[in-house]
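Student: Mind looking over this structure? Questions follow.
Every read-out reported here was derived from the displayed coordinates using simple, explicitly stated rules and does not represent laboratory data. All figures in this text were calculated on a predicted structure; none of them were measured in a lab. Quick reminder, even Gly has a Cβ in these numbers, built from the backbone with ideal geometry, and neighbours come from all protein chains shown.
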Amino acid sequence: MSPEAALLAGFLAGLFGSTHCLGMCGGIVGVLHAQIPSGKAWLALGFHMGRIGSYLAIALIATGIGMLPASLLPDHGPLVMRILLGAMLVMMAVYIALPGRFRDWAGQLTAPLTNRLMPLFNRFLPVRTLDNAVGLGLLWGLLPCGLLYTVIAAAVLLADPLATTSMVLAFGIGTVPLLLGTGLVVLKFRSAINRPGLRWLAAALMALTGILVAAGPWLAHLIDHPWMHFLAECVGH
C-alpha cells in the first residue's frame with residue numbers, strides 16, 4: 001500500500017471515527033482541559049502531541065512484527081497480508097458509514113488496564129508546562145481503544161514503516177479537531193462530519209481503497225483500462 005493511500009485511509013478513519021473517540025474519551029478531555037491554567041490554552045496541543053506519539057510508537061512496533069511473515073513466507077506472505085489489509089480497510093469503511101453500531105470491545109475487555117493507568121495521570125497534574133501536557137498525552141495514547149487497535153492491526157499488515165507512519169500520523173491528526181475541547185465550534189464540526197452523505201462518501205473512498213489494495217493487480221488484469229491501472233497504481237507500491 002502506498003504512503004499516499006495510507007495517509008488518506010488514516011485521515012478518514014481518524015476524522016470520521018473521532019465521534020467515537022469523543023464518546024469514549026470525552027471525560028478525559030474535559031478533565032485535562034480543566035487543568036490548564038488560564039491564558040495557556042496552547043498547552044492542549046501537548047496532549048495531542050503525546051497521544052499521537054504513543055500511537056506512532058505502538059504502530060511502528062506492530063509494523064516490525066508484520067514484517068516477519070514476509071521473510072518467513074516469501075511466496076505467500078505478501079499476498080495474504082495484502083488481502084487481509086484490504087479487508088481491514090473495508091471494515092473501517094463500514095464503521096465510518098454506520099457509527100454507533102459497534103461497541104468498543106477493546107475498552108470493555110481491557111477495563112482493568114484502564115483502571116490501573118488512570119491514577120498515573122495524577123502525577124502530571126496540574127498542567128503547568130508543555131512537559132506535563134505531553135506526558136499526559138503519552139498516557140492517554142496508551143488507553144485501550146478499539147478504533148486505534150484496528151489501525152494498529154492495519155499497521156501490522158502494512159509491514160512498511162513509511163506507510164505506517166503516514167497512516168498513524170494522519171489518523172491522529174484526524175481525531176484532533178473533536179478532541180481539542182468543548183464549545184460551539186466543536187459542536188458544529190461534530191454535526192458537520194456526522195452528515196450521512198459526507199460519511200457515506202468517506203466510507204466509499206475507504207472501501208474502494210480496501211478493494212484496490214486486496215485485488216488491485218487482479219482487477220487491473222481483468223479490466224484492461226487506463227483508469228483501472230491508474231487506480232491500482234495509486235494504492236500499490
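Student: Take Met118 and Met49, extend 7 Å from each Cα along the Cα→Cβ direction, and tell me the distance between the two endpoints in nm.
Tutor: Between Met118 and Met49, the simple spin-label model gives 2.8 nm.
Student: Ok, one more. Where does each of Phe16, Phe124, Phe47 land when they are ranked from fewest to most other beta-carbon atoms within 10 angstrom? Display every interim value, and only then the final one.
Tutor: Details: Phe16 25, Phe124 21, Phe47 29.
By the 10 Å Cβ count, ascending: Phe124, Phe16, Phe47.
Student: How much length is gained on full extension from Trp218 to Leu98, taking 0.36 nm per residue of separation minus their Cα-Cα distance? All intermediate terms of the calculation are to be shown ahead of the outcome.
Tutor: Working: separation 120, 0.36 × 120 = 43.20 nm, distance 2.91 nm.
Roughly 40.3 nm would be gained on extension.
Student: Next question. Kindly state, to the nearest 0.05, the FRET efficiency for Leu208 paired with Ala41, given R0 = 35 Å and r defined as their beta-carbon distance.
Tutor: Numbers: r = 39 Å, r/R0 = 1.11.
So, using R0 = 35 Å, E works out to roughly 0.35.
Student: What does the charge add up to near Leu158, with Lys and Arg as +1, Asp and Glu as -1, over the other residues with Cβ less than 14 Å from its Cβ?
Tutor: Cβ neighbours under 14 Å give a net charge of -1.
Student: Something else now. What ³J(HN,Hα) values, in whole Hz, does the Karplus curve 6.51 cos²θ - 1.76 cosθ + 1.60 give for segment 37-47 when θ = phi - 60°, with x put for Gly and Pro?
Tutor: My calculation for segment 37-47 gives x, 4, x, 10, 4, 4, 4, 4, 4, x, 4 Hz in order.
Student: Something else now. Find how much the distance from Ile83 to Ala57 grows on full extension, using 0.36 nm per residue of separation minus their present alpha carbon separation; answer in nm with one decimal.
Tutor: Additional length available on full extension: 6.9 nm.
Student: Counting other beta carbons within 10 Å of each Cβ, put Ser54, Ser166, Ser38 in order, fewest first.
Tutor: Ascending number of Cβ neighbours within 10 Å: Ser38, Ser54, Ser166.
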